[in-house]
Amino acid sequence: MAPSRSMEVSGNHTSVAMFVLLGLSDEKELQLILFPVFLVIYLVTLIWNMGLIILIGIDSHLNTPMYFFLSFLSFTDICYSSTISSRMLSDFLKDKKTISFLACATQYFLGAWMSLAECCLLVIMACDRYVAIGSPLQYSAIMVPSICWKMVAGVCGGGFLSSLVHTVPCFNLYYCGPNIIQHFFCNTLQIISLSCSNPFISQMILFLEAIFVGLGSLLVILLSYGFIVASILKISSTKCCAKAFNTCASHLAAVALFYGTALSVYMHPSSSHSMK
């Protein structure tokens, strides 16, 4: 009997050539309802972030480190959304939600790159807010454009290397079937659980990155805001205190949205089940 198109025969072994994404639902009627909903959400995300980038670029009053980092945050959000949403939207209109092994690896690598970069960028933005509130007189001397660009370059490079470090071992594992991913994108926890070889090294790399990058960045952000609150409490003017808190509002919203989304995705029942 000939192997299915989702499998490739190499010597005496059969390896997975395709993965199947189950998506949010297998009911065709519900998928047709979800398609316009998520399409609108995706378009709003694109328009909002692109509008923000353009506004910051053309308004000279917004040429500050805070808005520079915010525009780059919008750029990473556009890249991440496009990596995940474009595939999810096309799958809503397909009967067979298959994705090639290489396309799955590419999608995960790009998504992880952008999410790790965004994670590090939120830390930089928290430190930027601390310098602005704690040392306002030295702020312009510390946060010069060259330093800001180096920080962004470091964020991009760090995210790239971190993503590469755990993507390569994950997709170098041997996959012989089954090939069903219980998610709407290539989730590494799901993929590793399908491996026919020992995934210990990949799991350890993923665990260490989650601890040092994910949890570590959150702790640094919380620590920064601890210092920010302490600095604000020293301000006697109520108006100045309110202004200081307002400068942190957009960053706090971004932090809440980023970590809230990450927890909702990776604490999803299907993800938790894959770790058992």
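Of note:
- As a rough footprinting exposure proxy, the listed residues Val155, Val168 were ranked by other beta carbons within 10 Å of their own, and the order from fewest upward is Val168, Val155.
- Cα-based radius of gyration of region 90-193 once divided by 2.2 N^0.38 Å, which approximates compact folds: 1.50
- P(r) weight above 22 Å for the chain, C-alpha pairs, percent: 63
- Across region 129-215, the relative contact order, built from alpha-carbon pairs under 8 Å that are at least six residues apart, equals 24 percent.
- Fluctuation leader among Phe184, Phe200, Phe19 - the chain, Gaussian network, Cα springs under 10 angstrom: Phe200
- Kirkwood-type hydrodynamic radius, region 140-220: 14.9 Å, calculated from all non-identical alpha-carbon pairs.
- Estimated purely from DSSP H runs of n ≥ 4, each contributing -39500 (n - 2.57), the mean residue ellipticity at 222 nm for the chain is -24000 deg cm²/dmol once divided by its residues.
- Anisotropy class of region 15-171 from Cα gyration tensor, a/c 1.5 cut: oblate
- Note on Met88, Met125, Met204: ascending count of other Cβ atoms within 10 Å places them as Met204, Met88, Met125, the fewest first.
- Across region 7-274, the relative contact order, built from alpha-carbon pairs under 8 Å that are at least six residues apart, equals 25 percent.
- Other residues within the sphere of radius under 13 Å centred on the Cβ of Ser115, judged by their own Cβ, net out at -3 (K and R +1, D and E -1).
Rule-based calculations on the coordinates, nothing more; no lab input. Remember, it's a predicted structure, so these values are computed and weren't measured experimentally. Positions of Cβ are backbone-derived with ideal geometry, glycine not excepted, and every protein chain shown enters the neighbour counts.
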